[in-house]
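To start, the structure itself, in structure tokens.
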Amino acid sequence: MNIFIQMWRSLFRTGVTDSPVHRVFRVVVNFSLHLHPARVSKNGIKTTYTFCLGGLNVLFFVMTAITGGLLMIYYTPDVDKAYANMLDLENVIPFGTFLRNLHRVSAHAMVIAVSLHMLRVFLTASYKSPREFNWVIGVGLLLMTFLLSFTGYLLPWDQLSYWAVTVGTTMAENTPIVGAKGPFSVLGPEEDMRFILLGGTSIDQPTLIRFYFAHCVGLPGALVGLMALHFWRVRKAGGISRPL
Amino acid sequence: MLKPLVDDLSETTVSRRRVLGSALFWASWGIVVVILGVIGGGVLRCLYPRALYEASKIFKVGSPESYKIGSVNLVTGRGVWIVREQEGFYAILAKCTHLGCQPIWYEDQQVFKCPCHGSRFHKDGVNFAGPAPRPLDRLYLSLSSDGRLEVDKGKTASLDYRLKA
Amino acid sequence: MNDKIEIKERLRLLTVIREEALLRQRDIYPREEKVDTWPNLLVKELIALLIFTIVLVVWSLVQDAPLEELANPGLTPKEAKAPWYFVGLQELLVYFDPWIAGVVFPTIILVGLALIPYLDPDPIKGVGRYAIGKRKFATFCFIFGFTMWFALVAVGQYFRGPGWNFYLPWESWDSPKEVEVALTNFPLVAGIAFLACYYILGLGIPAVTFQNFFWRLGLIRYHITMILLMTMMLVPVKILLRQVFHIRYIVQTPWFNI
């Protein structure tokens, strides 16, 4: 028996030693853990305080990003192909349906978790100084989450997406001043907000490609940027809020 | 004790320096703003293509005789209704003024109903129930040189517009 | 020349600590108990990650993402619902014109949310704990808005059928429901007077009744807070006016309707 233990131990040059210094080092030296401080306040890690909501948002985002990336491999933002790609995902590609389901479910979970995270931060008054602006960044993240959901809705190019986006972009047409049909409108139907969104006067190929870009590049980029800022500011404000 | 680096300069030189420095400072910011403005304007302009590959806004919908008096006809693929009344023709854009869904004509009730939010319109396009804020758009309709009806989706006409034929 | 300092050694800046930070640590923050991130926090994170990965996977095995027929610009489906998180806004479209429900309200919601930290006059109260009783007004406003959003989502999602008519969840959508309700508008002057009274009284009465509150917030904060609050309250008010008094618009002008 000893021989196996010896073999196993020989794999690691140094054993796993546990000491306060080692614990600190494991966090500080590791890239994916360096988001965390080496030591955290006891209040901040109570499960009933944060309910892990911020971290879960990261999980859901990473999940949508990974599944979204895989879906991109089988998706063409072309009005003649997009729907056929969906059918392929459902019927031809192994785990295609599962990928699509997981992408959708993670996005739903993200919307829920973002809302609940906001509720948690409000109820614990964590938006107060010095975290005011981080709350504002959080509102930006909320907006990005909603915009990502909205732009993703068009991509399957089925009846559901077409008419949901018709309804959504007609609201843009009704924007005061910069919408063609809104109150006090100054812009025509070929200049207004809706035109920028659609890339034309009706939902067609230019719309699909614009939404595809926004969904896969523009908005995720903005989201990641805001997330980085959000986390950095959590650290700089001294970590999770605690009773004063 | 540390001495200022420019201790031997007279008052006037310092103030001239300060003025120049501050001018340079604000000029730099000005240039930054101009550059950002140009880039922003360029990006915005880039979102408006010079040509649209869309179906023509002006199209012909057949001869006036092909429409029965009192009938409402959907031109499929164009999203336009051609209505013929005793007094003449008019064209209605098949797009609900609420949120852009396509209403459906119910011949038996003589009413347009929008499936999205239940807006309802009379035969002449005037809204009478549901959330639609205004009547359906009335389009400009004319008789082309070859005697067929011609719709211009780009031009809206007033509610009393009718083409006599 | 004599007082020129010559630096012989190469110095290295180790850290800069703001005076404010030191003060905060010493005077405001009580001594806090700290624990090692590894393993205390990381274990919890790992558990949450595992649980919710399983939840997501099971959920996506159970429920398939919807896919309808190919998009057809010439045919609106019988029932066009937005994704559930926008259904609340869609529900508002019954009561308000698209430019309000779809543009102005979302903008006000986002701006209002972003303004919260600047409108709250107290820098310390309730931080770091669920002290709802200590922040009654703030909590009331937020919970009210939060609940209203999800209540609207629930109504739109479960109580609306074809033509956005009201159906109970167990009712069949095949039975036609077309309740013809004649809606009226306020006359223009009455409508403007109503809105003006609504805001003036809504801002005035609390200012007089709760003078402490008013002075604690100050003029600007008070007005922004109360205008946002009254605008939020306009939603239930309008729903009430519509459902009980069959009012379509409070203010109707040739340019816009409220």
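What follows is calculated from the coordinates using simple rules that are stated; it is not laboratory data. Small disclaimer: the values here were computed from a predicted structure and weren't measured. Heads up, the Cβs are rebuilt from the backbone with ideal geometry, glycines too, and the neighbour counts pull from every protein chain shown.
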Quiz item: For chain B, what is the calculated [θ] at 222 nm in deg cm²/dmol (nearest 500), taking -39500 (n - 2.57) for each run of four or more DSSP H residues and dividing by its residue count?
Solution: -8000 deg cm²/dmol
Quiz item: Do any cysteines of chain B lack a neighbour Cys whose Cβ is under 4.7 Å away, and which are they?
Solution: B:46
Exercise. Taking H placed 1.01 Å from N in the peptide plane, check which residues at least 5 places from residue B:128 or on another chain put their amide H under 5 Å from its amide H.
Key: B:120, B:121, B:122
Quiz item: Non-local amide H neighbours of residue B:139 (under 5 Å, H modeled in plane, Pro and chain starts lacking H): which ones?
Solution: B:91, B:92, B:93, B:157
Exercise. Please report Rg over Rh for the protein assembly as shown, where both radii come from the alpha carbon positions and Rh follows the Kirkwood definition.
Key: 1.04
Practice problem: Taking the Cα centre of the range B:58-157 as origin, sum charge times position over the Cβ atoms of Lys and Arg (+1) and Asp and Glu (-1), and report the length of that vector in debye to the nearest 20. | Solution: 300
Practice problem: For chain A, set up a Gaussian network in which alpha carbons nearer than 10 Å are linked by springs, and say which option among A:130, A:206, A:183 fluctuates the most. | Solution: A:183
Exercise. Over the whole of C:49-62, what's the average partner chain Cβ count within 10 Å per residue? Rounded to a whole number, please.
Key: 5
Quiz item: At q = 0.15, 0.19, 0.27 Å⁻¹, what is the log10 ratio I(q)/I(0) for the range B:88-165, with the Debye formula run over Cα points and no solvent?
Solution: -0.52, -0.78, -1.23
Quiz item: Where does helix C:136-158 land angle-wise versus the long Cα axis of chain C, in degrees 0 to 90, nearest 10?
Solution: 40
Exercise. Could you let me know the centre-to-centre spacing of the range C:200-248 and the range B:90-127, using Cα atoms, in angstrom?
Key: 38
Practice problem: Return a whole-number percent for the relative contact order of the range B:49-123, with Cα pairs under 8 Å and 6 or more residues apart as the contact set. | Solution: 15
Practice problem: With θ set to phi - 60°, apply the Karplus curve 6.51 cos²θ - 1.76 cosθ + 1.60 along the range A:187-204 and write out the HN-Hα couplings as whole Hz, x wherever there is a Gly or Pro. | Solution: 10, x, x, 9, 9, 7, 3, 5, 4, 4, 5, 8, x, x, 9, 9, 6, 8
Self-check item: Crossing angle, helix C:42-62 versus chain C [Cα axis fit, 0-90 degrees, rounded to tens]
Solution: 20
Quiz item: Given the Cα atoms of the range B:9-53, and with Rh set as the inverse mean 1/r over their pairs in the Kirkwood sense, what is Rg to Rh to two decimals?
Solution: 1.48
Quiz item: Using unit Cβ charges (K, R positive; D, E negative) and no other charged atoms, how large, in debye to the nearest 20, is the dipole of chain C about its Cα centre?
Solution: 1020
Quiz item: Other chains' Cβ within 10 Å of A:117-128 residues: what's the mean?
Solution: 6
Quiz item: If you find the alpha carbon centre of the range A:112-137 and of the range A:160-208, how far apart are they in angstrom?
Solution: 33
Quiz prompt | Mean separation of Cα contacts under 8 Å, 6 or more apart, over the residue count of chain A: relative contact order % | solution = 19
Exercise. With N set to the residue count of the range A:49-180, report its C-alpha Rg divided by 2.2 N^0.38 Å to two decimal places.
Key: 1.27
Exercise. Quick one: among C:224, C:47, C:132, which has the greatest mean-square fluctuation in a GNM of chain C with alpha-carbon springs under 10 angstrom?
Key: C:47
Quiz item: With axes computed from alpha carbons, what is the tilt in degrees of helix B:11-46 against the longest principal axis of chain B, rounded to the nearest 10 within 0 to 90?
Solution: 20
Practice problem: Considering the convex hull of the alpha carbon atoms of the range C:62-106, report its projected area averaged over all viewing directions, in nm², one decimal. | Solution: 4.7
Self-check item: Within chain B, percent of DSSP bridges classed antiparallel, to nearest 5
Solution: 100
Exercise. Just tell me, in residue order, which DSSP H segments of chain A are both 20 angstrom or longer along the helix axis (alpha-carbon based) and at least 0.0 in mean Kyte-Doolittle hydropathy.
Key: A:53-73, A:96-123, A:132-154, A:159-173, A:219-236
Quiz item: Of B:125, B:30, B:147, which has the largest mean-square fluctuation in a 10 Å C-alpha GNM of chain B?
Solution: B:30
Practice problem: Hey, could you grab the Kirkwood Rh for chain B? Inverse mean 1/r over distinct alpha carbon pairs, Å, one decimal. | Solution: 20.7
Self-check item: Residue-averaged [θ]222 nm for chain C, counting only DSSP H segments that reach four residues, each worth -39500 (n - 2.57)
Solution: -16500 deg cm²/dmol
Quiz item: Just going by the charge dipole of the range B:58-157, with Lys and Arg at +1 and Asp and Glu at -1 on Cβ, which of B:77, B:115, B:93 is farthest out on the positive end?
Solution: B:115
Quiz item: What's the percent breakdown of Cα-Cα distances in the range C:66-218 across 10 Å bins, shortest bin first?
Solution: 8, 24, 30, 22, 12, 4, 0
Quiz prompt | Whole-number percent relative contact order across chain C, with pairs defined as alpha carbons under 8 Å at least 6 apart | solution = 20
Quiz item: Just counting partner chain Cβ atoms within 10 Å, what average do the residues of peptide A:149-155 show around their Cβ?
Solution: 2
